[in-house]
Amino acid sequence: MSALDPLSEEQREIRGLVRTIASERIAPRAAEIDKSAEFPWDVVEVFRENDLFGVLYDEEYGGIGESSLLTLVTIEELSKVCATSGLIIAVQELGSLGIKVAGTDEQKQRFLPRLATGEWLAAYALTEPGSGSDSAAMRSTARLDGGEYVLNGGKRFITNAGVASVYVVFAKTDPEAGHAGISAFVVEADAPGFSVGRIEPKMGIKGSTTGEVFFDDCRIPAENRLGEEGDGFKIAMRILDRSRPGIGAQGLGLAQGATDYALEYARTRETMGRPIAEHQLIAGMLADMETKCEAARGLLYKVGRMIDEGDTGPELTKLSAMAKLYCTDVAMEVTTDAVQVLGGYGYIQEYPVERMMRDAKITQIYEGTNQIQRLVIAREMLRENRAFLLAGVG
Ligand SMILES: Cc1cc2nc3c(=O)[nH]c(=O)nc-3n(C[C@H](O)[C@H](O)[C@H](O)COP(=O)(O)OP(=O)(O)OC[C@H]3O[C@@H](n4cnc5c(N)ncnc54)[C@H](O)[C@@H]3O)c2cc1C
């Protein structure tokens, strides 16, 4: 472990394995996944075979020992070559976190082992047609009826819709109570009254499914509620504090993958008698791209270490939003610059950077848009009781 590489020796070994899988098994599939827009079950199978889902879970639940830092590194390495594949790990974490942070021992034992092997995929269902950024405006409801909750309503833009076996769902148990009326539930895909609607065609991360899910008098056991009634909003926010860095990692992977590709291209493409990398304007772009990636990585890994050290306070909320914000803004800037470095070749599908640029855009939108991240960061800054060194001056 060093300032430059905070991973332990064992974690570096796992990163090496992920890099090999990414370059040998995933990279050759990336363009095809984008073109076919089909969910890559073969990639899930590669993850299962190599125990990659295991990095998200403790050994007692069948994982290899939960590590947020290693999870971020895994998502980053996969996203360097295929952001859809990186997202499979990020959403497995997003969909599992509700159970990890608010589940009882019994719920953890019931759900986590099959998520740890990848036998089951998970999803997180918060957004509705009328409530995205303003998630508390949701209209889905849950009513206790004997030993069961009855859910009604629908969710939109749910990643892994149709491929997940378990959905962590937020619904109002007290529709008049605002935030305090929201509760969280685990809904299994075979629950009566649960169905999957339209899967959206989209700009990027095309192999990932994004779709509607519906609850039509959907009955689930009362034991599937996470936390107490009314805890749902707090659980959703605790999940996002821990999952947003995963989207940062997806963004960073895209940015680094695009930088590496542009560098190699600029080394060999010649104009005016020399490699374009030797033209100062291109060299300057490459230097800026690399610098942004390194700065983003520093922030991201810091948050990974904070989570691993058990930090759950407002500092984590702020740093997690900052890592998501910065890494994903860098992803958009750097992938756009990579297209520019490749010139006309950057714009055509034979080269991967146009896909990376399309994939990067969503990272600024989901798990809270980057406008929302800025609001979260500013809110936490205003709450802090900082010493103001210039007090009394002037
Ligand atoms: C591909 C994809 C996958 C997704 N996966 C999931 C998933 O798995 N689970 C899930 O629950 N959701 C998911 N989402 C939903 C996603 O999180 C929301 O789309 C996102 O939070 C924004 O909500 P919205 O689309 O309703 O936009 P709106 O909330 O309507 O926002 C529209 C615009 O207004 C801005 N805005 C809104 N409020 C404010 C404010 N107070 N101040 C400043 N600006 C503001 C926003 O930043 C945005 O630019 C996914 C979306 C997509 C496209």
| Interchain or long-range residues, amide H under 5 Å from Tyr149's placed H | Ile220, Ala222
| said: Please list, ordered by chain and number, the residues whose modelled amide H lies under 5 Å from the amide H of Thr159; skip anything fewer than 5 residues away on the same chain. | reply: Tyr124, Gly211
| query | So between Ala137 and Phe388, what do we pick up on full extension, going 0.36 nm a residue minus the alpha carbon distance? | reply | 86.6 nm
| Between Glu9 and Ser23, what length in nm is gained on full extension when 0.36 nm per residue of separation is reduced by their alpha carbon distance? | 2.9 nm
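What does the charge count near Phe111 come to, summing +1 for each Lys or Arg and -1 for each Asp or Glu among other residues with Cβ under 12 Å from its Cβ? Mind showing how you got there, number by number?
Numbers: positive: Lys100, Lys108, Arg110, Arg114; negative: Asp105, Glu106, Glu119, Glu188, Glu223.
With Lys, Arg at +1 and Asp, Glu at -1, the net is -1.
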| request: Take His279, project a point 7 Å from its Cα along the Cβ direction, then tell me which residues of the stretch 249-269 have their backbone nitrogen under 12 Å from it. | output: 266, 269
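In the stretch 1-108, which trypsin sites (Lys or Arg not before Pro) fall in coil by DSSP and have 11 or fewer other Cβ atoms within 10 Å? All intermediate terms of the calculation are to be shown ahead of the outcome.
Numbers: sites: Arg12, Arg15, Arg19, Arg25, Arg29, Lys35, Arg48, Lys80, Lys100, Lys108; in loops: none.
Answer in residue order: no site qualifies.
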| Over what distance in Å are the Cα centres of the stretch 23-70 and the stretch 198-223 separated? | 21
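In the chain, which whole DSSP H runs stretch at least 30 Å along their own axis (Cα) and average -0.5 or higher on the Kyte-Doolittle scale?
Numbers: long enough: 232-268 (54 Å, -0.11); 280-308 (42 Å, 0.22); 314-341 (40 Å, 0.35).
Counting only whole DSSP H runs, the qualifying helices are 232-268, 280-308, 314-341.
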| request: Check the straight Cα-Cα distances from Lys292 and name the lysines below 18 Å, setting aside those fewer than 8 residues away within the same chain. | output: Lys80, Lys302, Lys324, Lys361
| remark: Between Tyr347 and Glu264, Cβ-based FRET efficiency (R0 22 Å, step 0.05) works out to 0.80
| Choice from Ala323, Ala222, Ala236 showing the highest fluctuation, given a GNM over the chain with Cα pairs closer than 10 Å | Ala222
| field | DSSP-loop GluC sites (Glu not before Pro) across the stretch 255-315, with at most 13 other Cβ within 10 angstrom | value | Glu309
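Each value in this text was obtained by applying a stated rule to the coordinates, not by laboratory testing. Nothing here was measured: the structure is a model prediction, and the numbers come from that model. Heads up, the Cβs are rebuilt from the backbone with ideal geometry, glycines too, and the neighbour counts pull from every protein chain shown.
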